[in-house]
Amino acid sequence: MGGFSAHFDFAGETMKEVTINSYGKINLSIDITGKREDGYHRVEMIMHQIMLHDDVTLCWKSSGIPGPVNDQNKKAGCGIKINVSSDKKYVPAGEDNIAFKAAALMAKHHGRGLLGEVDIFIKKRIPVAAGLAGGSGNAAAVLHGLNVLWGLSLGTKELCILGESLGADVPFAVLGQARCSPAVDEKTRKDPMASSCAFAYGRGTLLRPVTPLKSFVVISKPPISISTGEVYSGMDKREIEVHPATKELISALDEGNHKKVAVNMINVLEIYTLSMYDEVVYTKNKMLELCKDEPVMMSGSGPTVYALIQQKNKAKDVYNKMKEYNRETFLTETTL
């Protein structure tokens with residue numbers, strides 16, 4: 001559970017701490033509708049937040065006396081030092097981490113006149129390079145966290161605009177965390193845009209809240225990583241014969257009609273990923289075999305495959321069996 005700590009004063013130094021729940025996401029649909037002049041693809045998709053989350057803890061130590069600022073942090077443009085660490089060794093530290101970039105961006109736009117140090121610790125649960133927006137969620141959590149620690153009272157619109165420059169999934173993560181993470185700023189939490197499910201279009205950064213769906217979710221990631229850029233480039237050479245009926249899917253969500261949702265769930269990126277990666281095909285086929293009538297689909301550009309399952313006992317059974325095939329298998333739920 002995310003939370004906000006009390007203040008501590010040590011010889012003129014003030015320390016504040018906050019933990020933001022950095023949730024993962026699945027795609028209920030993805031469609032490519034064309035290509036933009038800047039090279040990005042035009043997309044339409046339904047994104048849904050899930051309970052599986054990382055914990056992003058930010059500790060802000062402010063001081064009236066500037067401390068040493070290393071070369072990596074000079075680009076923040078102010079007297080703020082940024083440190084990133086994690087409980088997993090494979091998570092990059094420093095400016096290679098999108099969480100660092102989010103902190104530097106906040107410092108550049110809203111940290112003028114501040115002196116101090118921000119420590120960011122990421123407790124990872126979401127698999128990396130999995131199509132679940134784990135890194136994007138971490139970046140959004142840093143935006144929310146510094147919004148709280150620095151008392152900025154920025155709304156979701158301002159945070160989403162900042163997030164756009166960090167990655168296409170960051171604005172959705174901002175909205176989802178605003179809806180469900182208890183430690184975010186009160187202004188963002190009460191914003192009508194705060195939502196755990198949204199229709200995303202354009203580059204994927206234009207968002208419209210959609211009615212969320214209550215469901216258990218079994219997620220299974222084969223032991224490979226897939227580049228999003230590779231998949232979208234590969235799709236330029238593939239023909240899309242069946243597109244998602246996005247309006248029908250939104251209507252099904254409004255109705256809470258699980259069967260209608262299942263019928264309209266299509267991820268066109270499967271065209272490329274399933275043709276190139278046998279591990280994803282194997283994972284999807286195994287899950288289809290276990291789930292029978294429940295919808296099974298790849299999230300994002302892969303390699304993660306998930307199933308929406310209404311009954312908890314069935315979800316547990318599928319989880320236990322998929323765990324035998326892929327170590328990174330999780331049982332979670334959608335957020336509402």
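The values are calculated or read from the model by the stated rules, or taken from the named source; none is laboratory data. Everything numeric in this text was worked out from a predicted model, so none of it was measured. Every residue, glycine as well, gets a Cβ built from its backbone with ideal geometry; the counts of neighbours run over all protein chains shown. Accessible surface is based on the protein model in full, side chains and every heavy atom, while ligands, DNA and RNA are left aside. Shrake-Rupley method; radii C 1.70, N 1.55, O 1.52, S 1.80 Å.
Measuring between their Cα centroids, region 187-201 and region 229-250 lie 25 Å from each other. Solvent-accessible area per residue in region 246-336 equals 49 Å², computed with a 1.4 angstrom probe and all protein chains kept. Anisotropy class assigned to region 191-231 is oblate, per the alpha carbon gyration tensor with a/c at or over the 1.5 cut-off and a/b no larger than b/c. Axis of helix 278-291 versus longest Cα principal axis of the chain: the two differ by about 70°, to the nearest ten degrees. Between Ile250, Ile20, Ile50, the residue with the greatest mean-square fluctuation in the GNM of the chain (Cα pairs under 10 Å linked by springs) is Ile250. Assign one of three labels to region 87-171, namely rounded, prolate or oblate, based on the Cα gyration tensor with a ≥ b ≥ c the square roots of its eigenvalues; rounded applies when a/c is under 1.5, prolate when it is not and a/b is larger than b/c, and oblate otherwise. Since a/c reaches 1.5 but b/c is at least a/b, the shape of region 87-171 is classed as oblate.
Starting from the Cα of Lys88, move 7 Å in the Cα-to-Cβ direction to define the label point; list residues of region 19-56 whose amide nitrogen is under 11 Å from there. Flagged as within label range: 53-55. For region 135-230, the solvent-accessible area with a 1.4 angstrom probe is 33 square angstrom per residue. When the listed pairs Lys260/Lys292; Lys101/Lys237; Lys89/Lys237; Lys35/Lys89 are checked against a 26 Å cut-off, the alpha-carbon distance exceeds it for Lys101/Lys237; Lys89/Lys237; Lys35/Lys89.
Stretched out straight at 0.36 nm per residue, the stretch from Glu289 to His109 would grow longer than its current Cα-Cα span by 59.7 nm.
Taking a ≥ b ≥ c as the square roots of the Cα gyration tensor eigenvalues, with a/c under 1.5 meaning rounded and otherwise prolate when a/b beats b/c, else oblate, which class fits region 247-328? Taking the square roots of the gyration eigenvalues as a ≥ b ≥ c, region 247-328 is oblate. Helices in the chain, meaning DSSP H runs of at least 4 residues, each add -39500 (n - 2.57). Divided by all residues, the mean residue ellipticity at 222 nm is -10000 deg cm²/dmol. Between the entries (1) 25; (2) 34; (3) 29, the label attached to percent of Cα pairs over 32 Å apart calculated for this structure is (3).
Simple point charges give the picture: +1 on the Cβ of Lys and Arg, -1 on the Cβ of Asp and Glu, and for the chain a dipole about the Cα centre of about 320 debye. Partners of Lys108 within straight-line reach, counting lysines whose Cα lies under 21 Å from its Cα and excluding those fewer than 8 residues away in the same chain: Lys16, Lys61, Lys74, Lys75, Lys81, Lys157. Surface composition of the chain: carbon plus sulfur atoms contribute 51% of the solvent-accessible area (1.4 Å probe, protein chains only, all chains present).
For the pair Ser153 and Glu186, the difference between a 0.36 nm per residue extended length and the Cα-Cα distance amounts to 11.1 nm. Computed from backbone phi, the HN-Hα couplings of region 215-230 come to 6, 7, 9, 9, 10, 9, 10, x, x, 9, 10, 10, 6, 4, x, 4 Hz, rounded to whole numbers (Karplus: 6.51 cos²θ - 1.76 cosθ + 1.60, θ = phi - 60°; Gly and Pro given as x).
Rounded to whole Å, the principal axis extents of the Cα atoms in region 185-294 read 45, 32, 30, largest first.
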